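Undergrad: Structure below; questions to follow.
Only the coordinates and a few stated rules stand behind these numbers; no lab work does. Remember, predicted model here, so these are calculated numbers, not experimental data. Neighbour counts are summed over all protein chains in view; Cβ atoms, including those assigned to glycine, are modelled from backbone coordinates with ideal geometry.
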Amino acid sequence: MSAPFTSYYFEDLALGMRESIMKTVMANDVVGFATLSGDHNPIHLSDHFARKTRFGGRIAHGLYTASLISAVLGMYLPGPGAVYLSQTLQFRAPVRIGDVVTVCVEVVELVEEGRRCKLKCEALVDGKIVLEGEALVMVPARRTAGQLKSAATAS
């Protein structure tokens, strides 16, 4: 991404529009998420504990990975002004410290009433889906010339 964000109005959206980000999961990200969320499960924070689990080592919080979806929705598609309404999540595989996660969202449905946009969401590591689901967001409308004139008159 070259720009700090992209912002779409509801009228700008079309089925099939896609956006993605990549993020390397760092140990300090996992510790920071534990601090922020209050989830100090040792599977995320203790090498000694996590080695004894079926994962064989520390894993990132599932909701840390899911939070990267929020980053795409809030910054790129639809972008600033979009309001999260709901999210489904299916966790398919663990994300480990050092993994590069690619999060992709795609517009799959547009509902004019209420300016709702449904997006398919996936997180992948090495091409394998680790998380998938759907998000529903409300998207701002483009103001028409008449709306702008009304707003100026009301001030």
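Undergrad: Using the count of nearby Cβ atoms within 10 Å as a rough guide to exposure, how do Met22, Met138 rank from fewest to most?
TA: Lowest to highest Cβ neighbour count: Met22, Met138.
Undergrad: Rounded to whole Hz and in sequence order, give me ³J(HN,Hα) for the stretch 57-71 from the Karplus expression 6.51 cos²θ - 1.76 cosθ + 1.60, θ = phi - 60°, writing x for Gly and Pro.
TA: Rounded to whole hertz, the list is x, 4, 10, 6, 4, x, 6, 5, 4, 4, 5, 5, 4, 4, 4.
Undergrad: Excluding residues on the same chain fewer than 8 positions from Lys52, give the aspartates and glutamates whose Cα lies under 18 Å from its Cα.
TA: none
Undergrad: Counting only trypsin sites (Lys or Arg not before Pro) that sit in a DSSP loop (anything but H, G, I, E, B) with at most 15 other Cβ atoms within 10 Å, what is the longest stretch of the chain containing none of them?
TA: The longest such stretch corresponds to 1-51.
Undergrad: Could I ask something else about it? Return the long-range amide H neighbours of Ile97 (sequence gap of 5 or more, or a different chain), with a cut-off of under 5 Å between placed amide H atoms.
TA: HN-HN under 5 Å from Ile97: Ala60.
Undergrad: Please give the calculated 222 nm ellipticity per residue for the chain, where each DSSP H segment of at least 4 residues contributes -39500 (n - 2.57) and the sum is spread over every residue; nearest 500 deg cm²/dmol?
TA: Rounded to the nearest 500, it is -8000 deg cm²/dmol.
Undergrad: Over the stretch 32-118, consider all pairs of different Cα atoms and compute the Kirkwood hydrodynamic radius from their mean reciprocal separation; express it in Å, one decimal.
TA: Hydrodynamic radius (Kirkwood, Cα pairs) of the stretch 32-118 is 15.0 Å.
Undergrad: What does the charge add up to near Val107, with Lys and Arg as +1, Asp and Glu as -1, over the other residues with Cβ less than 15 Å from its Cβ?
TA: Result for the local shell: -3.
Undergrad: As a test of understanding, state the convex hull volume per residue of the chain from its alpha carbons, in Å³.
TA: Residue-normalised Cα hull volume stands at 141 Å³.
Undergrad: Using a simple spin-label model with points 7 Å from Cα along the Cα→Cβ vector, what separation in nm is obtained for Phe91 and His40?
TA: 2.0
Undergrad: Arrange Thr24, Thr53 by Cβ neighbour counts within 10 Å, fewest through most, would you?
TA: Thr24, Thr53
Undergrad: Also: Let me check against my output: what whole-number percent is the relative contact order of the stretch 10-143, with C-alpha pairs under 8 Å and at least 6 apart?
TA: 30
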